[in-house]
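*Asks:* Below is one structure. I have some questions about it.
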Amino acid sequence: MLIAFVVVVAAVELFGLLVFSSPFLFLPIAILLGLLAALIVFGRRAQGSAYRQVEGQPGAASWVLEGMRGDWRVSSGVAGTREFDALHRVLGRPGIVLVGEGTPQRVRGLIAQEKRRIAKVVGDTPIYDVVVGDGEGEVPLKKLSSHVMKLPRNLSGAEVNALAKRMSALGGARMPVPGGPLPGGRQMSRFFFFFPP
């Protein structure tokens, strides 16, 4: 950071000295540009450190997807396994992006299952699938947001809104409801009917 600050200040001051032969004319601009360069370097280092911290943890891909700039509608954990493999659904201008994290073999099965499930609702909207990892045909976690943002834009903003309404009918991951009567022959309290926990 300090090196970036010094290099930018020296470059701007050298420019001011050579062109206008005045070392103090560009000093305020040099200091501001040096601070800007230092902040950019600091931001990059902090982002790299954050990626290293979350890499390999369940939900890391969801964290990256939710932090993307722009109009992206992220549904985290739409499908998963007991081994902490997860599938996230992203709606945006490219269409639908299914992002899986975990063991690639199990994740590909989750992606295929989700594709079959949503194909009835989305029609001819493009569906992309991405597997997060470091292997062959996988996208590293730190390149995930840039990979998703580089996908071709196939839909307009109005089409994305209409698609989001259709997708909301599907819902997210459904937790299984236990069957049978309540233990001890009890009934559900009316209090919880009016004021859910």
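*Asks:* Glu83: net charge of surrounding residues, Cβ under 12 Å, Lys/Arg +1, Asp/Glu -1, itself excluded? Display every interim value, and only then the final one.
*Replies:* Values: positive: Arg82, Arg106; negative: Asp85, Glu101.
So the environment of Glu83 carries a net charge of 0.
*Asks:* Tally the DSSP beta bridges in segment 60-168 and give the antiparallel ones as a percent, rounded to 5.
*Replies:* 65 percent
*Asks:* For the chain, which span is the longest to avoid every loop-located (per DSSP) member of GluC sites (Glu not before Pro) having at most 12 other Cβ atoms inside 10 Å?
*Replies:* Working: sites that count: Glu83, Glu136.
Within the chain, the longest run free of exposed GluC sites (Glu not before Pro) spans 1-82.
*Asks:* Here is a further query. Filter the DSSP H helices in the chain by two things, a Kyte-Doolittle mean of at least 1.0 and an axial alpha-carbon span of 15 angstrom or more, and list the hits by number. Intermediate results must be reported in sequence, preceding the final value.
*Replies:* Details: long enough: 2-20 (26 Å, 2.88); 27-54 (41 Å, 1.11); 104-122 (26 Å, -0.49); 157-168 (17 Å, -0.11).
Going by DSSP H runs, the hits are 2-20, 27-54.
*Asks:* As an exercise, take the mean of 1/r over every pair of distinct alpha carbons in segment 60-168, invert it, and state the Kirkwood radius in angstroms.
*Replies:* 13.9 Å
*Asks:* Loop-only chymotrypsin sites (Phe, Trp or Tyr not before Pro) in segment 3-58, please: DSSP not H, G, I, E or B, and at most 16 other Cβ atoms within 10 Å.
*Replies:* Phe24
*Asks:* Give the percent of DSSP beta bridges with both residues in the chain that are antiparallel, rounded to the nearest 5.
*Replies:* Just about 65 percent of them are antiparallel.
*Asks:* Counting other beta carbons within 10 Å of each Cβ, put Arg82, Arg44, Arg89 in order, fewest first.
*Replies:* By the 10 Å Cβ count, ascending: Arg82, Arg44, Arg89.
*Asks:* Percent of alpha carbon pairs in segment 1-102 separated by more than 18 Å?
*Replies:* Values: 3289 of 5151 pairs.
Across segment 1-102, Cα pairs with separations above 18 Å total 64 percent.
*Asks:* Using a Debye calculation, one point per C-alpha and no hydration shell, please list log10 I(q)/I(0) for segment 48-99 at q = 0.25, 0.28, 0.32 Å⁻¹ in order.
*Replies:* Here the Debye-derived log intensity ratios amount to -0.98, -1.09, -1.22.
*Asks:* Hey, another quick one. Using only the alpha-carbon atoms, what does segment 2-54 span along each of its principal axes? Please give whole angstrom values in decreasing order.
*Replies:* 50, 14, 13
*Asks:* Hey, got the dipole for the chain? About the Cα centre, +1 on K and R Cβ, -1 on D and E Cβ, debye to the nearest 20?
*Replies:* Taking the Cα centre of the chain as origin, the dipole is about 800 debye.
*Asks:* Also, quick follow-up: What residues qualify as long-range amide H neighbours of Val139, i.e. H under 5 Å apart, gap of 5 or more or another chain, H built at 1.01 Å from N?
*Replies:* Residues meeting the amide H criterion: Val131, Val132, Gly133.
*Asks:* Can you give the net charge of the other residues whose Cβ lies under 13 Å from the Cβ of Gly135, counting K and R as +1 and D and E as -1? Don't jump to the answer; show the numbers that get you there.
*Replies:* Numbers: positive: Arg108; negative: Glu101, Asp134, Glu136, Glu138.
That works out to -3.
*Asks:* For Ala38, what is the net charge nearby, where nearby means another residue's Cβ is under 13 Å from its Cβ and Lys, Arg count +1, Asp, Glu -1?
*Replies:* Local net charge: +2.
*Asks:* Percent of Cα-Cα pairs more than 28 Å apart in the chain, please.
*Replies:* Working: 9700 of 19306 pairs.
Distances greater than 28 Å cover 50 percent of the Cα pairs.
*Asks:* Would you please give the residues with an amide H less than 5 Å from that of Gly59, counting only those at least 5 places away or on a separate chain, with H modeled from the backbone geometry?
*Replies:* Residues meeting the criterion, in which the H sits 1.01 Å from N, do not exist here.
Every number in this text was worked out from the coordinates using simple rules, so none of it is lab data. None of the values given here were measured: they were computed from a predicted structure. For neighbour counting, all protein chains shown are included, and Cβ atoms are generated from backbone atoms with ideal geometry for every residue, glycine included.
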